[in-house]
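The structure appears below as structure tokens.
The values are calculated or read from the model by the stated rules, or taken from the named source; none is laboratory data. Not measured: the values here are computed from a predicted model. Positions of Cβ are backbone-derived with ideal geometry, glycine not excepted, and every protein chain shown enters the neighbour counts. Side chains included, ligands, DNA and RNA excluded: accessible areas come from the protein's heavy atoms. Shrake-Rupley method; radii C 1.70, N 1.55, O 1.52, S 1.80 Å.
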Amino acid sequence: MMNLSTVIAYGCRYCTPPIKQLLNYTTLLHLPHHHHLHLQRRSPASIFYSSFNNLKLPNFSLLLTGNSLFFRMERFWSGNGVNKNKQMVEHLQHYGVISSKKVAEVMETVDRAFFVPDGTPPYVDSPMAIGYNATISAPHMHATCLQLLEENLQPGMHALDVGSGTGYLTACFAIMVGRQGRAVGVEHIPELVASSIENIKKCAAAPLLKEGSLSVHTGDGRQGWPECAPYDAIHVGAAAPEIPQPLLDQLKPGGRMVIPVGNIFQDLKVVDKNLDGSISIRSETSVRYVPLTSRDAQLRGY
Ligand code: SAH
């Protein structure tokens, strides 16, 4: 059973919804539905979700506990995974998080259930702990990043996913750039690299992994992955104190990088390398991600 301090620490390590920023988990629980997307609203389990909705944090720990009766009930009612994944995407479309047809398609194609640890509800719009002080980002953050990068994920293009974690976004990138393109994940926890490869093998991107247009590597993502550079799209799944120069160097002119930058206060930055090589940066939204750091620093206290 996860204790309260774990829950709080974990709650601080998630990506905030684009709609409402700088709110912590506790605050989010008290927001109306349109702020915090309740993706299971129509299932019987959702009755339990909404009745937990007004409770304070200690009860919320039930939601984060893989062994709880609550989760067992959720699994019991979850039914057909493919339909539930589709429903999750439809909810994100309904709430205006996904406006791109292509992004909806790829998120429907890559079933999130293959990427979350056993006992974790896959279709709830929340980040989930994946071990090693890391999380799988919430579906709305995956959707946001895919949309920001969509133009740079055309067939044949090269995409780099730094801090690839579960491999979910790497798989989405690979499907979007196709077999003529190249999708590379870099993750510094070897166990996560191994499990992400297993996850990808179960999902719709498996043939691309087999054919070699998708690969995941163990390494310090702050150095990028020069072998397949330059990249049309770079996604960074962990917050950097500042934008690492090697990632800027490996961005193609005309390329785009999406990277959370900051420590306690973080902004999701959209970095465009113009055709003349100059760089334009804008802030998309405030977020909370795990830090882009050294392996030792990340595993401290784990
Ligand atoms: N997009 C991923 C996010 C995982 S959380 C997903 O949704 O599954 C961020 C990941 O960044 C963690 O897995 C963490 O281990 C990794 N990470 C942090 N610092 C890193 C670094 N310097 N190099 C590579 N990976 C790093």
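For the condition modelled with pLDDT of 95 or more and under 21 Å from Gln266 (Cα atoms), Leu248 qualifies. Only one of the listed residues (Arg282, Arg295, Arg288) is touching a Cys at 6+ places or on another chain (Cβ under 7 Å) and of a type in the set (D, E, K, R). That residue is Arg288. Is it the case that region 141-163 has a residue that's within 6 Å of the ligand (Cβ to nearest atom), of a type in the set (Gly, Ala, Ser) and out of contact with any Cys (no Cβ under 9 Å at 6 or more places or on another chain)? Yes: region 141-163 contains one or more residues that are within 6 Å of the ligand (Cβ to nearest atom), of a type in the set (Gly, Ala, Ser) and out of contact with any Cys (no Cβ under 9 Å at 6 or more places or on another chain). When Gln147, Gln154, Gln180 are screened for being surrounded by fewer than 22 Cβ atoms within 10 Å (Cβ to Cβ), within 23 Å of Leu275 (Cβ to Cβ), within 14 Å of the chain's Cα centre (by Cα) and at pLDDT 95 or above, only Gln147 passes. For region 92-113, a residue qualifies if it is within 12 Å of the ligand (Cβ to nearest atom) and in a helix (DSSP H, G or I), and exactly one does: Arg112. Among the residues of region 109-127, those that are of a type in the set (A, V, I, L, M, F, W, C), in contact (Cβ under 8 Å) with a residue 40 or more places away in the chain and open to solvent by 10 Å² or more (accessible area, probe 1.4 Å) comprise Phe114, Val116, Val124.
When we screen Gln245, Gln250 for residues that are open to solvent by 60 Å² or more (accessible area, probe 1.4 Å) and within 16 Å of the ligand (Cβ to nearest atom), the only hit is Gln245. Quickly run through region 271-302 and pick out the residues that are surrounded by fewer than 18 Cβ atoms within 10 Å (Cβ to Cβ), closer than 21 Å to Arg222 by Cβ and not acidic (Asp, Glu). Hits for region 271-302 are Ile279, Ile281, Ser283, Ser294, Arg295, Ala297, Leu299, Arg300, Tyr302.
Confirm whether Lys102 is out of contact with any strand residue (DSSP E or B) (no Cβ under 9 Å at 6 or more places or on another chain), in contact (Cβ under 8 Å) with a residue 40 or more places away in the chain and open to solvent by 10 Å² or more (accessible area, probe 1.4 Å).
Judged against the criteria, Lys102 is a match.
Evaluated against (1) of a type outside the set (Val, Ile, Thr); (2) within 24 Å of Met176 (Cα to Cα); (3) within 16 Å of the ligand (Cβ to nearest atom); (4) free of Cβ contacts under 8 Å to residues at least 24 places away in the same chain, Gly262 falls short on exactly one condition, (2). Candidates are the residues of region 191-204 that are within 20 Å of His158 (Cα to Cα) and not small (Gly, Ala, Ser); the one that is nearest to the ligand (Cβ to nearest atom) is Val193.
Pairs linking a residue in region 279-302 that is under 23 Å from Leu248 (Cβ atoms) and at pLDDT 95 or above to a residue that is part of a helix (DSSP H, G or I) and hydrophobic (A, V, I, L, M, F, W, C), with Cβ atoms under 9 Å and 6 or more positions apart or on different chains, are Ile279/Leu248; Glu284/Leu148; Val287/Met141; Tyr289/Met141; Pro291/Ala297. Could you check, for region 205-214, whether at least one of its residues is away from the ligand (no atom under 14 Å from the Cβ), in contact with a Lys or Arg (Cβ under 7 Å, 6 or more places away or on another chain), open to solvent by 40 Å² or more (accessible area, probe 1.4 Å) and over 21 Å from Arg256 (Cβ atoms)? Yes, region 205-214 contains a residue that is away from the ligand (no atom under 14 Å from the Cβ), in contact with a Lys or Arg (Cβ under 7 Å, 6 or more places away or on another chain), open to solvent by 40 Å² or more (accessible area, probe 1.4 Å) and over 21 Å from Arg256 (Cβ atoms).
Restricting the search to strands (runs of 3 or more DSSP E) fully inside region 131-213 and requiring at least 3 residues that are closer than 20 Å to Trp225 by Cα and touching a residue at least 24 places away in the same chain (Cβ under 8 Å) gives 158-162, 182-187.
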